[in-house]
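Take a look at the structure set out below.
The values are calculated or read from the model by the stated rules, or taken from the named source; none is laboratory data. Bear in mind the structure is a predicted one, so any value in this text is a computation, not a measurement. So basically every Cβ, Gly included, is an ideal-geometry build from the backbone, and we count neighbours across all protein chains shown.
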Amino acid sequence: MEGVEVFTGIVEEVGTVVVREELSDSAVLQIRAQRVLEDVTLGDSIAVNGVCLTVTAVRPDGDAGVWSTDVMAETLTRSSLGAAAAGALVNLERAVTPHTRLGGHLMQGHVDGVGRIVSRAPGEHWEVVRIALPPELARYVVEKGSIAVDGVSLTVSAVSAADLPEPWFEVSLIPTTLRETTLGARALGAPVNLEVDVIAKYVERLLGGGAR
């Protein structure tokens with residue numbers, strides 16, 4: 001949530017949190033990675049489970065590297081990074097450039113809320129995952145629309161009624177997503193960061209239905 005860059009929700013690699021340092025009003029995460037550090041410079045933005053964070057330091061670590069980032073109190077409170085301990089696996093994506101292919105959908109790296117995985121139904125070629133979401137976000141989620149789950153751009157395959165006490169939506173994960181992101185190993189009850197399509201929020205505001 002600290003950055004102003006744009007992402008597409010196409011995860012480049014899964015990194016590992018190797019150190020978490022608690023400060024009075026923030027935390028410092030050190031994350032082991034390889035691909036996202038190939039051309040990184042200090043001040044660059046990398047999405048961590050869909051949260052835009054700024055690179056503050058980089059050091060070599062064997063055949064890879066470790067980069068550091070400061071995570072502010074608001075980010076810790078509003079995203080699942082508040083519980084990200086050493087050893088946690090995280091989805092990583094560098095901010096887009098003018099030459100990046102837009103394979104997913106445009107994302108800001110600003111988490112709108114935290115959802116919870118409530119069911120997984122494996123199929124022959126994909127797995128249907130149902131995710132409960134905060135009631136205030138349900139109106140922004142529509143069937144066949146886009147949503148980011150832990151920084152992964154996904155298409156919504158089904159939605160519940162928006163007025164349920166605990167509304168939900170479903171996504172169908174293909175083998176590549178299950179294998180190349182953390183979503184393949186997320187257990188029932190696990191928290192996931194959600195970013196709804198920003199276009200829906202702009203439309204609501206223009207029609208006079210949003211918070212002022």
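Things worth noting here:
- Yes/no for Val71 being farther than 22 Å from Ala185 by Cβ, under 17 Å from the mean Cα position of the chain (by Cα) and modelled with pLDDT under 95: no
- Residues of the range 43-65 that turn out to be assigned to a strand (DSSP E or B) and either of a type in the set (Lys, Arg) or at pLDDT 95 or above (or both), as a count: 12
- Residue-level check: of (1) modelled with pLDDT of 95 or more; (2) surrounded by fewer than 16 Cβ atoms within 10 Å (Cβ to Cβ); (3) touching a helix residue (DSSP H, G or I) at 6+ places or on another chain (Cβ under 6 Å), Val19 misses just (3).
Rundown of residues vs (1) acidic (Asp, Glu); (2) out of contact with any Lys or Arg (no Cβ under 9 Å at 6 or more places or on another chain); (3) not in a helix (DSSP H, G or I), yes/no style:
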{"position": "Thr69", "(1), (2), (3)": "no, yes, yes"}
{"position": "Glu74", "(1), (2), (3)": "yes, yes, no"}
{"position": "Thr77", "(1), (2), (3)": "no, yes, no"}
{"position": "Gly87", "(1), (2), (3)": "no, yes, yes"}
